[in-house]
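Have a look at the structure below, then the notes.
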Amino acid sequence: MRSKLEKITLIFIGSFLGILVSFNLPVFADKTKSSNLPIEDLRTFAEVFGKIKTDYVETVEDKKLINEALSGMLSGLDPHSTFLDLDHFKDLQQGTSGEFGGLGIEVGMEDGFVKVISPIEDTPAYHAGMKSGDLIMKLDDTMVKGLNLNEAVKLMRGKPGTPINLQVLREGVDAPLNIKIVRAQIKTKSVKSKIIEPNYGYVRVTQFQERTGEDLANALQKLSKENKHPLNGLILDMRNNPGGLLNSAVAVSAAFLQEGDLVVYTEGRAADSKMHLTTVPENFIRNNPQKNNYIKNLPQYYKDTPLVVLVNNGSASASEIVAGALQDHNRALVVGTRSFGKGSVQSILPMANGTAIKLTTARYFTPNGRSIQAKGIDPDIIIEDGNENIPVMREADLTNRLSNPEESDANATKDESKPTSDGGEALRNFKPIELGGDEDKQFAEAVKILKDIDRYHKKN
């Protein structure tokens, strides 16, 4: 077990902001370079701290003051940087297993409210009808205004089977919604698969967890056995996939690309934030890559099988990396709607006292040098989901988000797509459908494209 005092860096790229987070495990050298500290400003900080201790109307614990100061310092940088106290750092480490307690939503803060980035499929929040972009105003009897993200998350967590009442503001709906959700032990299955019809397969990746790459390989092996012949085509569905582990994104890409192909590269200020990740086993398998390379045992035809990738505005980060890599290598047709646009990398930096910070340290780029930050992946073929009147949220809509390096203005890529009419009624009548099921219009169109894929031309 690593000493608590050991300086390590943990990398993750998902959009999970409190209910579920996950990370990768590369270890980098300790950074011992001293930096110039703003002594006068630190004196002011100490002076303010002292005044609060002596003059504030109520006694405040030192730890609370320091943690709140750290939270404010990090949250002011961008929507994805945050301070992790002991409990939340532990929750983050547990989140990579695919099992955690709570409601099943990825969240951030927006204007003092908890903002839902995405409900996780097949969780209590998903079945209760929570939507991307929802603003949570009240948790039971506690107003969210005045809480930081960690405090709000603590209230949302609880013993499985216990209820919580959420008061929610939803764009297009005049009055706040009251939504009751029963907490559960969330167990998410990151890979689902099935034979659509003879010779055509379907794989859905819901998150990028520790075992996602291996689970995908097993699913592809299973499809081959069930079909008894090489597949004529495959759909890779990453809609509403908020991201997760960087190495798992490389593993999923490696199943369909040639060994050595570039998947993603990152650029940041620190030397260890600059990475070029290819499909070699060392980049997606931590322990004994050559011996445990589950990708090499896949049938070779998966490197050439016609491939359609489904994405939407809920496809973020790791799922955008996979879609971008397959698109740039002309390996797949990307269909659906424009993705979320989270093109930044967060490092989990443990502190000596057992806490940690999640800090944005780099932007990632597709093999052809595209930054997805605040832009997303544009599909080769646009297929709407039938909910065009429902407002959507993307990275570009987040307050204080990181700019795209190609932007001349930090707000240049705001999402200009708007509902064609008042979305209130559409939102009230919205019911989640089973992705890949009979009511899934995007899936049905993707199947048609896959079966006639030679008719479609890829973007350069």
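The values are calculated or read from the model by the stated rules, or taken from the named source; none is laboratory data. It should be emphasised that the depicted structure is a prediction, and the values quoted were computed from it without experimental measurement. Ideal geometry is used to build each Cβ from the backbone, glycine not excepted, and the neighbour counts take in all protein chains shown.
At-a-glance table
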| read-out | value |
| --- | --- |
| Scope the range 223-275; condition over 16 Å from ALA332 (Cα atoms) and of a type in the set (Asp, Glu); matching residues | GLU226, GLU259, GLU267, ASP272 |
| Unique residue being more than 23 Å from the chain's Cα centre (by Cα), surrounded by 18 or more Cβ atoms within 10 Å (Cβ to Cβ) and modelled with pLDDT of 85 or more when the list is ALA374, ALA446, ALA362, ALA356 | ALA446 |
| Strands (runs of 3 or more DSSP E) contained entirely in the range 121-190, each with at least 2 residues that are among the small types (Gly, Ala, Ser), out of contact with any His (no Cβ under 7 Å at 6 or more places or on another chain) and buried (at least 16 other Cβ atoms within 10 Å of the Cβ) | none |
| 1 or more residues closer than 17 Å to SER193 by Cα: qualifying strands (runs of 3 or more DSSP E) within the range 204-291 | 233-237 |
| Subset of the range 194-211 (residues that are under 21 Å from the mean Cα position of the chain (by Cα) and at pLDDT 95 or above) | VAL203, ARG204, VAL205 |
| Matching option when the condition is more than 21 Å from GLN442 (Cα to Cα) and aliphatic (A, V, I, L, M), among ALA332, ALA352, ALA323 | ALA352 |
| Yes/no for ILE181 being aliphatic (A, V, I, L, M), more than 20 Å from ASP111 (Cβ to Cβ) and at pLDDT below 90 | no |
| Selection count where residues are at pLDDT 75 or above and either within 18 Å of the chain's Cα centre (by Cα) or of a type in the set (Asp, Glu) (or both), scope the range 405-420 | 2 |
| Of all residues making up the range 276-313, the number that are of a type outside the set (Ser, Thr, Tyr) and farther than 17 Å from THR212 by Cβ | 16 |
| Qualifying residue in the range 162-175 (condition: of a type in the set (A, V, I, L, M) and free of Cβ contacts under 8 Å to residues at least 12 places away in the same chain) | yes |
| PHE28 aromatic (Phe, Trp, Tyr), surrounded by 10 or more Cβ atoms within 10 Å (Cβ to Cβ) and modelled with pLDDT under 50 | yes |
| Unmet requirement for ILE381, which otherwise passes all of (1) in contact (Cβ under 8 Å) with a residue 60 or more places away in the chain; (2) over 29 Å from PHE113 (Cα atoms); (3) surrounded by 19 or more Cβ atoms within 10 Å (Cβ to Cβ) | (3) |
| Any chance VAL252 is of a type in the set (A, V, I, L, M, F, W, C), closer than 30 Å to GLY133 by Cβ and either modelled with pLDDT of 95 or more or in contact with an Asp or Glu (Cβ under 8 Å, 6 or more places away or on another chain) (or both) | yes |
| Residue, surrounded by the fewest Cβ atoms within 10 Å (Cβ to Cβ), within the range 217-273, restricted to residues that are among the acidic types (Asp, Glu) and over 25 Å from LYS342 (Cβ atoms) | GLU226 |
| Residue satisfying condition, being among the hydroxyl-bearing types (Ser, Thr, Tyr) and closer than 26 Å to LYS189 by Cα, within set SER71, SER75, SER81, SER132 | SER132 |
| Matching entry among LEU139, LEU147, LEU155, LEU166 (being touching a helix residue (DSSP H, G or I) at 6+ places or on another chain (Cβ under 9 Å), modelled with pLDDT under 95 and of a type in the set (A, V, I, L, M, F, W, C)) | LEU147 |
| Among the candidates LEU277, LEU298, residue that is in contact (Cβ under 8 Å) with a residue 40 or more places away in the chain and surrounded by fewer than 24 Cβ atoms within 10 Å (Cβ to Cβ) | LEU298 |
| Boolean, PRO160 is touching a Lys or Arg at 6+ places or on another chain (Cβ under 6 Å) and on the phi < 0 side of the Ramachandran plot | yes |
| Given (1) modelled with pLDDT of 95 or more; (2) within 16 Å of the chain's Cα centre (by Cα); (3) not aromatic (Phe, Trp, Tyr), index of the condition GLY314 fails | (1) |
| Residue that is modelled with the lowest pLDDT [pool: residues in the range 75-89 that are surrounded by 18 or more Cβ atoms within 10 Å (Cβ to Cβ) and of a type in the set (A, V, I, L, M, F, W, C)] | PHE89 |
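Listed here are the residues, each with its yes/no results for (1) of a type outside the set (Gly, Ala, Ser); (2) in contact with a Lys or Arg (Cβ under 7 Å, 6 or more places away or on another chain); (3) modelled with pLDDT of 95 or more.
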| position | (1), (2), (3) |
| --- | --- |
| ASN218 | yes, no, yes |
| LYS222 | yes, no, yes |
| ASN241 | yes, no, no |
| VAL264 | yes, no, yes |
| PRO281 | yes, no, yes |
| LEU307 | yes, yes, yes |
| VAL322 | yes, no, yes |
